[in-house]
Amino acid sequence: MQRPLGVAVLLALGACHAAQPAPPRPARIVLHVPHAPQRALTELKLDAVAHGWRVVDEGLDSLVIDFGVATARVPVATDDGPAAMRDTEVHATALYRFDAAAGGAAVTMWNNPIYWHPELRVWLAAPDDLAPGDALLADCFGPRDLAAAASADVKTRRATPR
């Protein structure tokens, strides 16, 4: 009776070893805010809920916001190589981490948008700017141009006090 269990364990371990983890996304932005980390987390959470977005995970120093599904035009890879712009479903989330910093908190944000590939029928990584994570930060803490100024590289910004 132990032989089938042992085979099952070996197969499970082999499957775990063969699975490729998703490549890590670089942080999109680090924003310094003049609040304690817990207060900044609470303010961002309340602002997200006020916009109608869902808080899907909350830790002591982190928050994951689900922005839901929308339709967007994204570059979809084709069989013959070049990507074609297609309208498809995009689902976006963002992870926020709140760390103590001099004079307040450093809020680090990672966007995680994915799109539905219509031919392959799978969700794939979408361009980083399709998630409104930095727009939520700008609305909650800082100047309105924060979302426009953010790029795929990590940028450090200081929010002005409210």
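Every read-out reported here was derived from the displayed coordinates using simple, explicitly stated rules and does not represent laboratory data. For clarity, every value in this text was computed on a predicted model and none was experimentally measured. Ideal geometry is used to build each Cβ from the backbone, glycine not excepted, and the neighbour counts take in all protein chains shown.
Extending each Cα 7 Å along its Cβ direction at ARG54 and THR88, get the distance between those two points in nm, one decimal.
2.2
How large is the direction-averaged shadow of the alpha-carbon convex hull of region 54-110, in nm²? Present the calculation step by step, with values, prior to reporting the outcome.
On the way: hull surface 23.7 nm².
Answer in nm², one decimal: 5.9.
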